[in-house]
1. Separation between the Asp12 and Arg253 pseudo-spin-labels, each 7 Å from Cα along Cα→Cβ, expressed in nm?
2. Once a ≥ b ≥ c are taken as the square roots of the eigenvalues of the Cα gyration tensor of the chain, is the result rounded (a/c under 1.5), prolate (a/b larger than b/c) or oblate (a/b not larger than b/c)?
3. At 0.36 nm per residue, minus the direct Cα-Cα distance, what do Glu231 and His42 gain on full extension? Give it in nm, one decimal, please.
4. Using a simple charge model, +1 on the beta-carbon of Lys and Arg, -1 on the beta-carbon of Asp and Glu, nothing else, what dipole does segment 89-208 show about its Cα centre, in debye to the nearest 20?
5. Of Pro143, Ile45, Leu179, which is farthest on the positive side of the dipole of the chain, counting Cα position, with +1 on Lys and Arg Cβ, -1 on Asp and Glu Cβ, and the Cα centre as origin?
6. Compute the Cα gyration tensor for segment 117-271, then decide on rounded, prolate or oblate, letting a ≥ b ≥ c be the square roots of its eigenvalues: rounded whenever a/c is under 1.5, prolate when a/b is larger than b/c in the other cases, and oblate in all that remain.
7. Under a point-charge model restricted to the Cβ atoms of Lys and Arg (+1) and Asp and Glu (-1), what is the dipole moment magnitude of segment 167-271 relative to its Cα centre, in debye to the nearest 20?
8. Quick check: at a probe of 1.4 Å, how many percent of the accessible area of segment 1-138 sits on carbon and sulfur atoms?
Amino acid sequence: ARTQDSLAVSGDGQGWFLLNASPEIRQQIESFPPLHPRGPRHSPIQAILLTNGDLDHCLGLFSLRESSPLVIYATERVRQGLVESNTIFRTLQRFPGQVTWRLLKLGREEELAGLDGAPSGLSVLALPVPGKLPVHLEGLMGPDPEDNVGLWIRELKSGRTAAYLTAVKSVDDSLRHALEGAACLFVDGTFWSSDELVQLGLSTKRAEDMAHLPIGGPAGSLARLSGLAVERKIYAHINNTNPILREDSPERRAVERAGWEVGVDGMEVQV
(Lines give C-alpha, C1' and ligand atoms only; values in the text may rest on other atoms or scores of the structure.)
Protein backbone atom coordinates (compact mmCIF):
# COMPACT_ATOMS: atom_id res chain seq x y z
CA ALA A 1 0.00 0.00 0.00
CA ARG A 2 1.12 3.55 -0.70
CA THR A 3 -0.22 6.91 0.38
CA GLN A 4 -1.10 9.55 -2.18
CA ASP A 5 -0.78 7.47 -5.38
CA SER A 6 -2.92 10.12 -7.09
CA LEU A 7 -3.98 13.69 -6.37
CA ALA A 8 -7.01 15.79 -7.29
CA VAL A 9 -6.44 19.46 -8.14
CA SER A 10 -8.83 22.29 -8.91
CA GLY A 11 -8.53 25.97 -9.72
CA ASP A 12 -12.09 26.95 -8.82
CA GLY A 13 -13.37 24.10 -6.66
CA GLN A 14 -15.91 23.12 -9.33
CA GLY A 15 -14.03 21.11 -11.96
CA TRP A 16 -11.33 18.69 -10.81
CA PHE A 17 -8.29 17.20 -12.51
CA LEU A 18 -6.76 13.94 -11.30
CA LEU A 19 -2.98 13.56 -11.33
CA ASN A 20 -2.77 9.84 -12.09
CA ALA A 21 -5.54 7.30 -11.57
CA SER A 22 -4.54 4.87 -8.86
CA PRO A 23 -6.19 1.47 -8.25
CA GLU A 24 -7.80 3.08 -5.17
CA ILE A 25 -9.57 5.76 -7.23
CA ARG A 26 -13.04 4.63 -6.13
CA GLN A 27 -12.06 5.06 -2.48
CA GLN A 28 -10.57 8.46 -3.28
CA ILE A 29 -13.78 9.62 -4.96
CA GLU A 30 -16.02 8.25 -2.21
CA SER A 31 -13.99 9.89 0.57
CA PHE A 32 -13.88 13.36 -1.02
CA PRO A 33 -17.36 14.94 -1.53
CA PRO A 34 -16.23 17.47 -4.21
CA LEU A 35 -15.56 14.45 -6.49
CA HIS A 36 -19.08 13.04 -6.02
CA PRO A 37 -21.49 13.03 -9.02
CA ARG A 38 -24.16 15.73 -8.99
CA GLY A 39 -26.60 13.88 -11.19
CA PRO A 40 -26.98 10.80 -13.42
CA ARG A 41 -23.87 10.15 -15.51
CA HIS A 42 -22.25 13.29 -14.12
CA SER A 43 -18.71 13.60 -12.83
CA PRO A 44 -16.86 16.72 -11.66
CA ILE A 45 -13.64 15.06 -12.87
CA GLN A 46 -12.69 17.05 -15.95
CA ALA A 47 -9.61 15.09 -16.97
CA ILE A 48 -6.88 12.72 -15.79
CA LEU A 49 -3.19 13.56 -16.21
CA LEU A 50 -0.78 10.60 -16.33
CA THR A 51 2.87 10.95 -15.34
CA ASN A 52 3.75 7.49 -16.71
CA GLY A 53 2.20 4.16 -17.65
CA ASP A 54 2.86 2.31 -14.39
CA LEU A 55 -0.14 0.24 -13.34
CA ASP A 56 -0.40 1.96 -9.97
CA HIS A 57 -0.89 5.22 -11.87
CA CYS A 58 -3.38 4.13 -14.52
CA LEU A 59 -5.39 1.11 -13.32
CA GLY A 60 -7.99 3.50 -11.91
CA LEU A 61 -8.91 4.42 -15.48
CA PHE A 62 -10.73 1.12 -15.78
CA SER A 63 -12.86 1.97 -12.76
CA LEU A 64 -14.06 4.98 -14.78
CA ARG A 65 -14.98 2.87 -17.80
CA GLU A 66 -18.76 3.33 -17.76
CA SER A 67 -20.72 5.62 -20.08
CA SER A 68 -19.15 8.95 -19.16
CA PRO A 69 -16.53 10.26 -21.62
CA LEU A 70 -12.99 10.72 -20.32
CA VAL A 71 -10.25 13.21 -21.14
CA ILE A 72 -6.72 11.91 -20.59
CA TYR A 73 -3.56 14.01 -20.75
CA ALA A 74 -0.42 11.96 -21.40
CA THR A 75 2.69 11.92 -23.53
CA GLU A 76 2.47 10.07 -26.82
CA ARG A 77 4.71 7.32 -25.42
CA VAL A 78 2.41 6.73 -22.46
CA ARG A 79 -0.63 6.71 -24.76
CA GLN A 80 1.04 4.15 -27.03
CA GLY A 81 1.95 1.92 -24.11
CA LEU A 82 -1.64 1.88 -22.87
CA VAL A 83 -3.53 1.63 -26.16
CA GLU A 84 -1.51 -0.24 -28.77
CA SER A 85 -1.59 -4.05 -28.53
CA ASN A 86 -3.46 -3.79 -25.25
CA THR A 87 -6.79 -5.56 -25.49
CA ILE A 88 -7.97 -4.57 -22.01
CA PHE A 89 -8.01 -0.93 -23.11
CA ARG A 90 -10.96 -1.82 -25.36
CA THR A 91 -13.10 -1.43 -22.23
CA LEU A 92 -12.43 2.30 -22.66
CA GLN A 93 -13.42 2.19 -26.32
CA ARG A 94 -17.03 1.04 -25.94
CA PHE A 95 -18.47 3.97 -27.88
CA PRO A 96 -17.06 6.69 -30.16
CA GLY A 97 -15.42 9.47 -28.18
CA GLN A 98 -15.31 7.57 -24.87
CA VAL A 99 -11.71 8.72 -24.40
CA THR A 100 -10.27 11.98 -25.69
CA TRP A 101 -6.47 12.05 -25.61
CA ARG A 102 -4.66 15.35 -25.17
CA LEU A 103 -0.96 14.87 -25.73
CA LEU A 104 1.52 16.43 -23.33
CA LYS A 105 4.51 17.83 -25.21
CA LEU A 106 7.65 18.07 -23.11
CA GLY A 107 8.45 21.65 -22.16
CA ARG A 108 5.18 23.09 -23.51
CA GLU A 109 2.83 24.77 -21.03
CA GLU A 110 -0.85 24.57 -21.90
CA GLU A 111 -4.12 25.43 -20.19
CA LEU A 112 -6.07 22.50 -18.80
CA ALA A 113 -9.59 21.94 -20.05
CA GLY A 114 -12.23 19.27 -19.64
CA LEU A 115 -14.37 17.58 -22.24
CA ASP A 116 -16.34 20.75 -23.02
CA GLY A 117 -13.14 22.77 -23.49
CA ALA A 118 -14.09 25.30 -20.82
CA PRO A 119 -11.08 27.07 -19.28
CA SER A 120 -10.04 25.85 -15.85
CA GLY A 121 -7.73 28.64 -14.73
CA LEU A 122 -4.94 26.06 -14.50
CA SER A 123 -2.08 25.17 -16.81
CA VAL A 124 0.21 22.16 -16.94
CA LEU A 125 3.85 21.86 -17.92
CA ALA A 126 5.33 18.37 -18.36
CA LEU A 127 9.07 17.89 -18.03
CA PRO A 128 11.03 14.64 -18.28
CA VAL A 129 12.32 13.20 -15.02
CA PRO A 130 14.59 10.15 -14.62
CA GLY A 131 12.46 7.02 -14.45
CA LYS A 132 11.93 3.81 -16.40
CA LEU A 133 9.49 1.90 -18.55
CA PRO A 134 6.54 0.21 -16.83
CA VAL A 135 7.30 -3.43 -16.01
CA HIS A 136 4.73 -4.70 -18.53
CA LEU A 137 6.52 -2.86 -21.37
CA GLU A 138 10.10 -3.86 -20.53
CA GLY A 139 11.63 -5.65 -23.51
CA LEU A 140 8.90 -4.39 -25.83
CA MET A 141 9.94 -0.75 -26.11
CA GLY A 142 13.19 1.14 -25.68
CA PRO A 143 13.54 3.94 -23.13
CA ASP A 144 12.39 7.44 -24.05
CA PRO A 145 12.27 10.83 -22.26
CA GLU A 146 8.46 10.75 -22.53
CA ASP A 147 8.20 7.57 -20.43
CA ASN A 148 8.17 9.44 -17.11
CA VAL A 149 7.34 13.09 -16.51
CA GLY A 150 6.86 15.51 -13.67
CA LEU A 151 3.90 17.87 -13.77
CA TRP A 152 4.00 21.57 -12.92
CA ILE A 153 0.42 22.78 -12.31
CA ARG A 154 0.11 26.58 -12.34
CA GLU A 155 -2.82 28.75 -11.33
CA LEU A 156 -2.93 31.30 -14.14
CA LYS A 157 -4.41 34.12 -12.06
CA SER A 158 -1.84 34.06 -9.26
CA GLY A 159 1.05 32.34 -11.01
CA ARG A 160 1.50 29.97 -8.07
CA THR A 161 2.71 26.51 -9.00
CA ALA A 162 2.51 23.02 -7.53
CA ALA A 163 5.04 20.47 -8.79
CA TYR A 164 4.24 16.76 -8.77
CA LEU A 165 7.02 14.17 -9.14
CA THR A 166 5.43 10.84 -8.42
CA ALA A 167 8.36 8.63 -9.52
CA VAL A 168 11.93 9.83 -9.90
CA LYS A 169 15.17 7.86 -9.50
CA SER A 170 17.65 10.76 -9.41
CA VAL A 171 17.77 14.53 -9.00
CA ASP A 172 20.23 16.58 -11.01
CA ASP A 173 20.90 20.32 -11.04
CA SER A 174 18.50 20.99 -13.91
CA LEU A 175 15.63 19.35 -12.02
CA ARG A 176 16.48 21.29 -8.86
CA HIS A 177 16.40 24.51 -10.87
CA ALA A 178 12.99 23.65 -12.34
CA LEU A 179 11.58 23.14 -8.83
CA GLU A 180 12.86 26.43 -7.40
CA GLY A 181 10.13 28.87 -6.46
CA ALA A 182 7.23 26.41 -6.46
CA ALA A 183 4.53 27.08 -3.91
CA CYS A 184 4.20 23.36 -3.22
CA LEU A 185 6.12 20.23 -4.13
CA PHE A 186 4.87 16.65 -3.99
CA VAL A 187 7.78 14.30 -4.50
CA ASP A 188 8.40 10.57 -4.57
CA GLY A 189 8.76 9.29 -1.01
CA THR A 190 8.34 5.58 -1.74
CA PHE A 191 11.37 4.32 0.17
CA TRP A 192 13.63 5.62 2.91
CA SER A 193 16.66 3.55 1.92
CA SER A 194 17.92 2.06 -1.30
CA ASP A 195 17.94 -1.51 0.02
CA GLU A 196 14.73 -1.23 2.06
CA LEU A 197 12.92 -4.14 0.42
CA VAL A 198 16.09 -6.24 0.14
CA GLN A 199 16.76 -5.97 3.88
CA LEU A 200 13.18 -7.01 4.63
CA GLY A 201 13.42 -10.00 2.30
CA LEU A 202 10.59 -8.65 0.15
CA SER A 203 12.48 -8.12 -3.11
CA THR A 204 15.88 -8.40 -4.75
CA LYS A 205 15.51 -4.96 -6.34
CA ARG A 206 16.87 -1.74 -4.93
CA ALA A 207 14.80 1.44 -4.88
CA GLU A 208 16.58 2.94 -7.89
CA ASP A 209 15.90 -0.24 -9.90
CA MET A 210 12.20 0.60 -9.53
CA ALA A 211 12.75 4.28 -10.46
CA HIS A 212 12.43 5.53 -6.88
CA LEU A 213 15.11 7.73 -5.35
CA PRO A 214 15.29 6.89 -1.64
CA ILE A 215 14.80 9.69 0.86
CA GLY A 216 17.78 8.97 3.12
CA GLY A 217 21.49 8.75 2.46
CA PRO A 218 23.98 11.25 1.02
CA ALA A 219 22.47 10.94 -2.48
CA GLY A 220 18.85 10.68 -1.34
CA SER A 221 16.14 13.22 -2.00
CA LEU A 222 16.39 14.75 1.48
CA ALA A 223 20.01 15.69 0.77
CA ARG A 224 19.63 16.45 -2.95
CA LEU A 225 16.69 18.82 -2.38
CA SER A 226 18.14 20.49 0.70
CA GLY A 227 17.85 24.29 0.65
CA LEU A 228 15.28 24.27 -2.15
CA ALA A 229 13.24 27.49 -2.27
CA VAL A 230 9.80 25.87 -2.06
CA GLU A 231 7.09 26.94 0.38
CA ARG A 232 5.72 23.46 1.17
CA LYS A 233 7.50 20.18 0.52
CA ILE A 234 5.47 17.00 0.87
CA TYR A 235 6.52 13.37 0.48
CA ALA A 236 3.88 11.28 -1.30
CA HIS A 237 3.62 7.81 -2.88
CA ILE A 238 4.96 6.35 0.40
CA ASN A 239 5.34 2.57 0.63
CA ASN A 240 4.12 0.88 3.79
CA THR A 241 7.69 -0.28 4.53
CA ASN A 242 8.93 3.31 4.81
CA PRO A 243 9.69 4.22 8.47
CA ILE A 244 8.67 7.86 7.94
CA LEU A 245 5.08 6.62 8.33
CA ARG A 246 5.81 5.98 12.01
CA GLU A 247 5.45 9.24 13.91
CA ASP A 248 8.01 8.20 16.54
CA SER A 249 10.74 7.07 14.12
CA PRO A 250 14.08 8.88 13.73
CA GLU A 251 13.47 8.95 9.97
CA ARG A 252 10.20 10.84 10.51
CA ARG A 253 11.97 13.33 12.77
CA ALA A 254 14.70 13.80 10.15
CA VAL A 255 12.28 14.77 7.37
CA GLU A 256 10.28 17.06 9.64
CA ARG A 257 13.43 18.82 10.90
CA ALA A 258 14.34 19.44 7.26
CA GLY A 259 10.97 21.14 6.67
CA TRP A 260 9.20 18.29 4.90
CA GLU A 261 5.67 17.02 5.48
CA VAL A 262 4.61 13.38 5.27
CA GLY A 263 1.61 13.00 2.98
CA VAL A 264 -1.44 11.07 4.15
CA ASP A 265 -4.49 9.84 2.28
CA GLY A 266 -7.21 12.47 2.23
CA MET A 267 -4.75 15.33 2.72
CA GLU A 268 -6.01 18.70 1.44
CA VAL A 269 -3.53 21.41 0.44
CA GLN A 270 -4.34 25.03 -0.41
CA VAL A 271 -1.69 26.44 -2.77
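The values are calculated or read from the model by the stated rules, or taken from the named source; none is laboratory data. The model shown is predicted, which means the values in this text are computed figures rather than measured ones. Positions of Cβ are generated from backbone atoms using ideal geometry, with glycine treated the same way; all protein chains shown enter the neighbour counts. Accessible surface areas use protein heavy atoms only, side chains included; no ligands, DNA or RNA. Shrake-Rupley method; radii C 1.70, N 1.55, O 1.52, S 1.80 Å.
1. So the two model labels end up 4.9 nm from each other.
2. Numbers: a/c = 1.58, a/b = 1.34, b/c = 1.18.
Note, shape of the chain comes out prolate.
3. Working: separation 189, 0.36 × 189 = 68.04 nm, distance 3.55 nm.
Answer, rounded to one decimal: 64.5 nm.
4. On the way: 13 positive and 16 negative charges, 73 e Å.
Around 340 debye, computed over segment 89-208.
5. My answer, from the dipole projection, is Ile45.
6. On the way: a/c = 1.83, a/b = 1.19, b/c = 1.54.
Oblate.
7. Values: 11 positive and 16 negative charges, 32 e Å.
Dipole magnitude for segment 167-271 comes out near 160 debye.
8. Details: 3360 of 6380 Å².
Summing carbon and sulfur atoms, their accessible area is 53 percent of the total for segment 1-138.
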